[in-house]
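Reviewing the structure listed below.
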Amino acid sequence: MTVLDVSNYDLTTFDAECMKSAGVTAVIIGCQDEDAADVMANRCEAAGLPIIGVYAFLYFGLDTLGQTGAAIRVALRHSVGRVWLDCESTGEYDAASGPMQRQDELAACCDAVRAAGLSPGIYTGGWWWPGNMASEAFSHLPLWHSEYPNDGHAVPEVAYGGWSKVAIHQYTSQFWCCGRNRDANYVFEEDEMTREQLLEILEELGVAGPGIPTVKRLDEFVTAAFTAAQQTRTVRGLKKALHPDGPQT
């Protein structure tokens with residue numbers, strides 16, 4: 001599985017069809033420039049390239065809620081369930097007085113994501129979090145860990161911030177794809193479910209499929225079920241919720 005994360009710097013070379021052909025299986029879209037994020041998301045949707053998350057780069061002490069709001073709006077417009085909160089700001093991009101201010105701002109950003117019906121996650125690295133956030137209060141959230149081993153090996157476990165398991169590992173910024181080097185990631189958490197996968201589950205359960213009468217307003221049902229399943233939005237999670245005694249593969 002090849003997952004790229006992209007930002008407004010990727011816009012001019014962002015070709016979702018090319019990425020699919022190159023073996024990219026999903027993307028995470030940065031929302032520093034909301035309009036650019038929408039353009040890239042629209043291209044992904046047209047090409048059928050899954051968007052498994054969006055992210056907000058948090059400039060602590062400099063309107064982190066505003067940055068989070070942009071990511072929330074992009075996520076809602078494109079039916080993306082996960083908003084990653086990017087914690088790595090330094091120098092002129094960080095005006096916080098210290099770890100406690102960053103903790104308070106990050107907690108407020110997490111609350112804003114949840115209030116929108118979305119799921120927050122944390123992007124950071126062991127080189128930044130211990131000294132700049134110095135907290136284990138967010139360890140219940142999934143971790144998108146940044147670390148670039150020389151040999152590119154996967155890092156599924158860490159020991160900082162209260163985390164032990166890694167949900168996503170960003171392992172390089174030098175993955176050549178469709179015209180430029182890009183950030184690439186290993187994904188350990190189960191992929192978020194697409195509407196097409198939901199339809200496949202409904203077929204397995206005998207609700208839809210060849211030889212079965214069409215369910216009235218099936219498309220509306222799928223959309224409603226997809227929206228309502230925010231807390232069990234993985235393939236395995238929804239299968240278990242809809243058919244607890246059946247196989248969960």
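Summary table
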| quantity | calculated |
| --- | --- |
| Residue in segment 27-38 that is touching a Leu at 6+ places or on another chain (Cβ under 8 Å), at negative phi and either acidic (Asp, Glu) or surrounded by fewer than 23 Cβ atoms within 10 Å (Cβ to Cβ) (or both) present | yes |
| Gly91 vs. criteria out of contact with any Asp or Glu (no Cβ under 6 Å at 6 or more places or on another chain) and at pLDDT below 95 | yes |
| Tally of residues being out of contact with any helix residue (DSSP H, G or I) (no Cβ under 8 Å at 6 or more places or on another chain) and crowded, with 20+ Cβ neighbours inside 10 Å across segment 143-166 | 6 |
| Some residue of segment 125-136 being under 26 Å from Gly23 (Cα atoms) and buried (at least 20 other Cβ atoms within 10 Å of the Cβ) | no |
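The values are calculated or read from the model by the stated rules, or taken from the named source; none is laboratory data. All figures in this text were calculated on a predicted structure; none of them were measured in a lab. Don't worry about glycine lacking a Cβ; one is built from the backbone with ideal geometry, like all the others, and counts go over all protein chains shown.
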